[in-house]
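The block underneath contains the structure these notes are about, expressed in structure tokens.
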Amino acid sequence: MRTIAIINLKGGTAKTTTTVNLAAELRRALRCKEPELEIRIARQSIQLPLRKVLYAIARNHYVLITTEDGEYRAMCSFAQIEEKLTARENFMSCNRGVIINMDKVLRFGEDCIEILDGTRLPVRQKDKCTLLAHFTQYQFRHMRQELH
């Protein structure tokens with residue numbers, strides 16, 4: 001455990017106020033843990049920060065999760081990964097067996113979505129307009145949050 005001291009010999013220099021405010025901010029910061037996706041690879045569990053996930057694709061008996069740091073083969077069902085990811089507002093299912101992180105989209109094209117790493121993922125054609133509207137609404141909400 002670390003100790004932080006706020007020292008000033010003079011009275012009325014807001015030592016107590018500073019200490020209380022600092023303690024409150026530290027407590028809040030420690031409670032706001034970065035969201036992670038827990039997956040099993042072989043026989044061990046690993047935590048992937050959601051902000052680094054680019055997309056997830058269903059394969060035969062595993063889910064390929066691509067992050068900024070590389071690819072991971074999660075030995076679970078796609079439905080399990082889909083449930084965890086789409087619970088967050090920045091993830092969207094764009095086709096059967098494909099989930100994208102909308103923060104990592106470079107371009108929403110006619111028949112595919114291009115991710116920042118250059119990967120092109122197919123868009124479900126019958127829902128293309130709905131997916132584009134969902135993506136656009138998310139982008140505008142996200143821009144408004146950054147401005148405030």
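Values in this text are rule-based calculations from the coordinates and carry no lab data. Keep in mind that what you see is a predicted model, and the values were worked out from it rather than measured. Reconstructed Cβ throughout: ideal geometry from the backbone, glycine too, with neighbour counts over all protein chains shown.
Out of curiosity, is ALA79 in a helix (DSSP H, G or I), closer than 30 Å to PHE135 by Cα and among the small types (Gly, Ala, Ser)?
Values: in a helix (DSSP H, G or I): yes; closer than 30 Å to PHE135 by Cα: yes; among the small types (Gly, Ala, Ser): yes.
Yes.
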Conditions: (1) under 20 Å from VAL123 (Cα atoms); (2) in contact (Cβ under 8 Å) with a residue 24 or more places away in the chain; (3) surrounded by 11 or more Cβ atoms within 10 Å (Cβ to Cβ). TYR72 meets all but one. Number of the miss? (1)
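A quick yes/no check of all residues on (1) out of contact with any helix residue (DSSP H, G or I) (no Cβ under 9 Å at 6 or more places or on another chain); (2) surrounded by 10 or more Cβ atoms within 10 Å (Cβ to Cβ); (3) on the phi > 0 side of the Ramachandran plot:
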{"residue": "ILE7", "(1), (2), (3)": "no, no, no"}
{"residue": "GLY11", "(1), (2), (3)": "yes, no, no"}
{"residue": "THR17", "(1), (2), (3)": "yes, yes, no"}
{"residue": "ALA42", "(1), (2), (3)": "yes, no, yes"}
{"residue": "THR66", "(1), (2), (3)": "yes, yes, no"}
The condition from (1) exposed (fewer than 13 other Cβ atoms within 10 Å of the Cβ); (2) touching a strand residue (DSSP E or B) at 6+ places or on another chain (Cβ under 7 Å); (3) among the aliphatic types (A, V, I, L, M) that ALA87 misses is numbered (2)
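Any idea which of ARG96, ARG59 is under 17 Å from VAL123 (Cβ atoms) and out of contact with any helix residue (DSSP H, G or I) (no Cβ under 7 Å at 6 or more places or on another chain)? Working first, answer last.
Details: ARG59 fails: under 17 Å from VAL123 (Cβ atoms).
Going through ARG96, ARG59 in turn, the sole match is ARG96.
With the stretch 102-148 as the region, which strands (runs of 3 or more DSSP E) entirely inside it contain at least 3 residues that are surrounded by 10 or more Cβ atoms within 10 Å (Cβ to Cβ) and out of contact with any Leu (no Cβ under 7 Å at 6 or more places or on another chain)?
Ranges flagged: 120-122.
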Output yes when any residue across the stretch 99-107 is farther than 24 Å from VAL63 by Cβ and without any contact (Cβ under 8 Å) to a residue 24 or more places away in the chain, and no when none is. yes
